[in-house]
Ligand code: GDP
């Protein structure tokens with residue numbers, strides 16, 4: 001796994017630097033506070049969290065009186081960390097909640113193009129490196145290349161891929177993958193699903209069915225929603241739609257390498273009440289990292 005902090009600092013620290021520069025002004029007048037607010041909103045932190053943070057900063061700066069740059073940095077670091085939620089459970093649950101002879105089952109959901117298949121492959125790689133045996137389920141039967149792409153990842157990392165006919169029933173592929181995983185005594189089954197958002201009812205039916213069919217064989221242990229960090233408010237709309245269909249248990253924020261708008265971490269957690277568990281930092285096999293609030297905030301303010 002890559003070091004989150006080192007990889008993030010280049011793209012993210014414009015937010016922290018901007019805030020520190022503004023907070024360092026001798027007179028923190030209303031215009032400056034507005035600029036601070038704008039800086040946070042531009043980074044996709046979201047209206048509610050932005051207002052909370054600004055309020056806290058105003059209070060603390062007032063108490064502090066004269067501010068050294070180091071004091072400001074510490075203060076900002078603490079407040080950003082509180083906002084990011086240092087105590088949320090960010091474990092990706094790959095162990096089964098069911099009988100011990102069953103594999104853990106992880107559903108990977110999200111709109112096409114967000115990086116679902118890539119994330120599934122990267123996650124398989126991490127699990128295999130951790131000594132786990134993994135079966136991949138290519139339940140995205142609608143995007144022609146998706147199953148091939150997943151199978152390529154499977155071959156690369158040493159995981160067996162279960163796939164169906166193109167255009168076939170995603171739920172049946174998901175079912176077969178769990179069955180195969182159980183028969184093979186695999187530790188984890190990762191299921192890549194289709195994310196066609198053009199009709200919400202279509203998605204509801206399809207994804208709901210995948211989950212129901214998988215649950216016939218045992219519990220789903222983790223439902224990861226993959227969101228593209230560069231899509232901002234659109235990502236939040238997508239998140240809401242998916243949360244209506246399945247109980248999301250964790251968020252994977254991809255393409256954080258391509259945006260300075262890391263505030264989306266805060267916004268999406270707030271929106272769904274679910275932690276960001278993993279982040280994508282590039283297209284390569286090693287570019288998936290656990291989300292660590294401390295390292296993230298360090299990358300923002302250092
Ligand atoms: P899917 O349709 O959701 O399964 O999306 P894919 O997994 O095919 O990914 C879509 C594109 O995004 C591909 O070109 C990936 O290489 C790219 N991608 C996925 N994750 C990341 C990431 O964390 N950073 C960057 N820069 N690109 C990514």
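The values are calculated or read from the model by the stated rules, or taken from the named source; none is laboratory data. Just so we're clear, the structure is a prediction, and the values are computed from it rather than from any experiment. As a convention, Cβ positions derive from the backbone with ideal geometry for all residues, glycine included, and neighbour counts pool all protein chains shown.
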Selection count where residues are within 10 Å of residue 157 (Cα to Cα), more than 16 Å from the ligand (Cβ to nearest atom) and buried (at least 24 other Cβ atoms within 10 Å of the Cβ), scope region 118-140: 1
Residue in region 143-153 that is under 20 Å from residue 211 (Cβ atoms), touching a residue at least 12 places away in the same chain (Cβ under 8 Å) and surrounded by fewer than 24 Cβ atoms within 10 Å (Cβ to Cβ) present: yes
Residue match in region 238-259 (condition: within 14 Å of the ligand (Cβ to nearest atom), in a loop (DSSP other than H, G, I, E, B) and surrounded by fewer than 23 Cβ atoms within 10 Å (Cβ to Cβ)): yes
Qualifying positions in region 141-166 - in contact with a helix residue (DSSP H, G or I) (Cβ under 6 Å, 6 or more places away or on another chain) and either within 11 Å of the ligand (Cβ to nearest atom) or under 17 Å from residue 181 (Cβ atoms) (or both): 146, 149, 150, 153, 157, 158, 159, 161, 162, 163, 164
Only one of 56, 73, 60, 67 that is surrounded by 15 or more Cβ atoms within 10 Å (Cβ to Cβ) and not in a helix (DSSP H, G or I): 67
Failed condition for residue 104, given (1) within 24 Å of residue 272 (Cβ to Cβ); (2) away from the ligand (no atom under 16 Å from the Cβ); (3) modelled with pLDDT under 95: (3)
Odd one out for residue 206, checked against (1) within 21 Å of residue 278 (Cβ to Cβ); (2) touching a helix residue (DSSP H, G or I) at 6+ places or on another chain (Cβ under 8 Å); (3) surrounded by 20 or more Cβ atoms within 10 Å (Cβ to Cβ): (1)
Set 294, 228, 298: member being touching a helix residue (DSSP H, G or I) at 6+ places or on another chain (Cβ under 8 Å) and surrounded by fewer than 19 Cβ atoms within 10 Å (Cβ to Cβ): 294
Condition met for residue 271 (assigned to a helix (DSSP H, G or I), over 11 Å from the mean Cα position of the chain (by Cα), more than 27 Å from residue 39 (Cβ to Cβ) and more than 14 Å from the ligand (Cβ to nearest atom)): no
Residue pairs meeting the criteria (Cβ under 7 Å; at least 6 apart or on separate chains; first at positive phi, in region 270-285; second near the ligand (Cβ under 10 Å from one of its atoms)): 282/257
